[in-house]
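The values are calculated or read from the model by the stated rules, or taken from the named source; none is laboratory data. Computed from a predicted structure; not experimentally measured. Glycine gets a Cβ as well: all are built from the backbone with ideal geometry, and neighbour counts include every protein chain shown. Accessible surface areas use protein heavy atoms only, side chains included; no ligands, DNA or RNA. Shrake-Rupley method; radii C 1.70, N 1.55, O 1.52, S 1.80 Å.
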Amino acid sequence: MKLWGGRFTADTDKLAEHFHSSISFDKRLYREDIEGSLAHAKMLGDCGIISQEDAEKIREGLRAVRAAIEAGEVQFDESAEDIHMNVEMLLTEKIGDVGKRLHTARSRNDQVALDLRMWLRREIKETQELIRSLVDALVHKAGEHLHTLMPGFTHLQKAQPISFAHHLLAYVQMFERDYDRLADCLVRMNYCPLGSGALAGTGFAIDRDETAQELGFTAPMANSLDGVSDRDFALEFLADASICMMHLSRFCEEIILWNSGEFGFVTMDDAYSTGSSIMPQKKNPDMAELIRGKTGRVYGDLVAMLTMMKSLPLAYNKDMQEDKESVFDAVDTLKGCIIVFIPMMQTMRVNADKMAADLEGGYLNATDLADYLAAKGLPFRSAHAVSGRLVQYAEQSGRKLTELTLEEMRRESPLFEEDIYQVIAPAQCLAARKTFGGPAPEAVETALKAAQDWLAARA
Ligand code: ARG
């Protein structure tokens, strides 16, 4: 007999029952479901809607159900549809008819909205911890590479010299934003839907502030229709998770490129590489590729939920049962990716010599040569043209800019002096870019200090 079976004369079709049951996945909400019920029962007792004695019996029973689930003693029942009705049935089996009072002044609609918020709130905090560890690992690695010169790219063409530390700290900025975005999401989602009932609240004189406070929310949600039909909190999380995955994916793409024979900037550790079943020489960066690939599924979770919500009339519709798998999948995927990414990044060997050697071709100091002339008074646009002509000239004879004679340079501009060779040496090109946010070691030290402060403020 279904908990809602009163007005029915026939059983649900078995296939339909299997189709609409959500227990196979929403059992992950059991802890939050019970926690929410504990608070609800206490409030019902405190408000005199049920007796204090019944409230206490219900609360004891709920704790016993939780212990039984955690001891692995419970087989959930598909015909009981979802976690909410499974818990209620288990409760009534344990404590008898008094268990049937628990659902007074409540609906599964506000119950499920509550459970998912509380589950996600906990998971977001765990995800933030992982992102913080990732930032910490990057800051450590960056600290070792302030003077490791590497080419920076635009259009995947060598552009200007930077340091490996500076490159890593760009990702630190992204992951700091990801962390803080999740913090914003937590603030906005921390309102309690309990008491919204099915859609129109309840006639019982419940105390919504009490349950909101008991469950760690800022306040109850302000509109009962919104309380049961809002999934913005989940969408916001999915959007935040998508952005974070995008950052991981870009980083993985770079690691894959750097680890290739063509670049050779890094070498992945054996522990995070895999072989080929046919080509014995291969060592592939599979973990990085898989993280890049899994980005698509998190975007999919976001788009699935946006699409599911887009035409739903207020308030609850069963479509919304589909919210959970998207959220669970995105949480599992994002956390799983960060957990693998951290040691993969930490153990990769940085081939500083190869990075430095790659600075040699490609005229990465052409801007510095133009800046030199501009600093001496030549308008930058004219200096750019001089530098461009010298690049073309050097290229014709297969030389670097530093290999041109002073006389050859002076043919283009009389402003060149002997010190030009020092100015366009790669290490000097880096050292010169010391304004805030730049790659010079002294600017990177400031950035490292800021990142350490950021970490300390969130420890
Ligand atoms: N299992 C349902 C869900 O996940 C719980 C809410 C059901 N409410 C209802 N009116 N059928 O959305």
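According to the square roots a ≥ b ≥ c of the eigenvalues of the Cα gyration tensor, what is the shape class of the range 361-431, taking rounded for a/c under 1.5, prolate for a/b larger than b/c otherwise, and oblate for the remainder? Please report the intermediate quantities before stating the final value.
Working: a/c = 1.37, a/b = 1.10, b/c = 1.25.
Verdict is rounded for the range 361-431.
If I fit a long axis through the Cα atoms of helix 323-347 and take the longest principal axis of the Cα atoms of the chain, what angle between them do I get, 0 to 90°, rounded to 10?
So the helix axis and the longest Cα principal axis differ by about 40 degrees.
Efficiency by 1/(1 + (r/R0)^6): what FRET value for Lys94 and Asp46, r their Cβ-Cβ distance, R0 = 25 Å, to the nearest 0.05? Mind dumping the intermediate values first?
Details: r = 23 Å, r/R0 = 0.91.
FRET efficiency, Lys94 to Asp46: 0.65.
Taking only DSSP H segments of four or more residues, each worth -39500 (n - 2.57), what value at 222 nm results for the chain once the sum is divided by all its residues, to the nearest 500 deg cm²/dmol?
Working: 19 runs with 280 residues, N = 459.
Per the formula, -20000 deg cm²/dmol.
Quick one: Cα centre-to-centre distance for the range 33-86 and the range 308-323, in angstrom?
Using only Cα atoms to place each centre, the spacing works out to 27 Å.
Tell me the label-point distance for the pair Ala271, Thr446, using the 7 Å Cα-to-Cβ offset, in nm and rounded to one decimal.
Output for this residue pair reads 3.7 nm.
Which sequence of Met308, Met150 reflects their accessible areas, 1.4 Å probe, from the largest down? Write down the numbers at each step before the final one.
Values: Met308 30, Met150 0 Å².
Per-residue accessible area, sorted high to low, gives Met308, Met150.
When the accessible area of the chain is split by element with a 1.4 Å probe, what percent falls to carbon and sulfur? It would help to have the intermediate numbers written out before the result.
On the way: 11400 of 21700 Å².
Of all accessible area on the chain, carbon and sulfur atoms account for 53 percent.
Enumerate the amide H contacts of Met150 below 5 Å, restricted to partners 5 or more residues apart or on another chain; note that Pro and chain-start residues carry no placed amide H.
Those qualifying (amide H under 5 Å, at least 5 residues apart or on another chain) are Ile162, Ser163, Phe164.
When a/c is below 1.5 the answer is rounded, else prolate if a/b is larger than b/c, else oblate, so apply that to the range 66-123 with a ≥ b ≥ c taken from the square roots of the Cα gyration tensor eigenvalues. Walk me through the numbers on the way to the answer.
On the way: a/c = 1.80, a/b = 1.17, b/c = 1.53.
Oblate, because a/c is 1.5 or more while a/b does not exceed b/c.
Give a quick list of GluC sites (Glu not before Pro) in the range 325-430 that DSSP marks as loop, anything other than H, G, I, E or B, with at most 14 other Cβ atoms within 10 Å.
On the way: sites: Glu325, Glu360, Glu395, Glu403, Glu407, Glu408, Glu412, Glu417, Glu418; in loops: Glu360, Glu417, Glu418.
For GluC sites (Glu not before Pro) across the range 325-430 that sit outside H, G, I, E and B with at most 14 neighbouring Cβ atoms in 10 Å, the list reads Glu360, Glu417, Glu418.
Hey, got a sec? Which GluC sites (Glu not before Pro) in the range 14-82 land in a DSSP loop and have at most 12 other Cβ atoms within 10 Å?
Those that pass, being in a loop and sparsely packed, are Glu73.
If you take the beta carbon distance between Lys282 and Glu78 as r and set R0 to 56 Å, what does 1/(1 + (r/R0)^6) give as a FRET efficiency, to the nearest 0.05?
Details: r = 46 Å, r/R0 = 0.82.
Here the calculated transfer efficiency is 0.75.
For Ile243 and Ala459 in one chain, what is 0.36 nm times their gap in residues minus the Cα-Cα distance, to one decimal in nm?
On the way: separation 216, 0.36 × 216 = 77.76 nm, distance 2.30 nm.
That pair, Ile243 and Ala459, stretches by 75.5 nm at full extension.
Could you check the spin-label model distance between Gln213 and Asn317? Points 7 Å from the Cα along Cα→Cβ, value in nm.
3.8 nm
Can you classify the range 1-127 as rounded, prolate or oblate using the Cα gyration tensor, where a ≥ b ≥ c are the square roots of its eigenvalues, rounded means a/c under 1.5, and otherwise it's prolate if a/b beats b/c and oblate if not? Could the numbers behind the result be given before it?
Values: a/c = 1.58, a/b = 1.12, b/c = 1.42.
Taking the square roots of the gyration eigenvalues as a ≥ b ≥ c, the range 1-127 is oblate.
Take Ser397 and Asp419, extend 7 Å from each Cα along the Cα→Cβ direction, and tell me the distance between the two endpoints in nm.
Output for this residue pair reads 2.5 nm.
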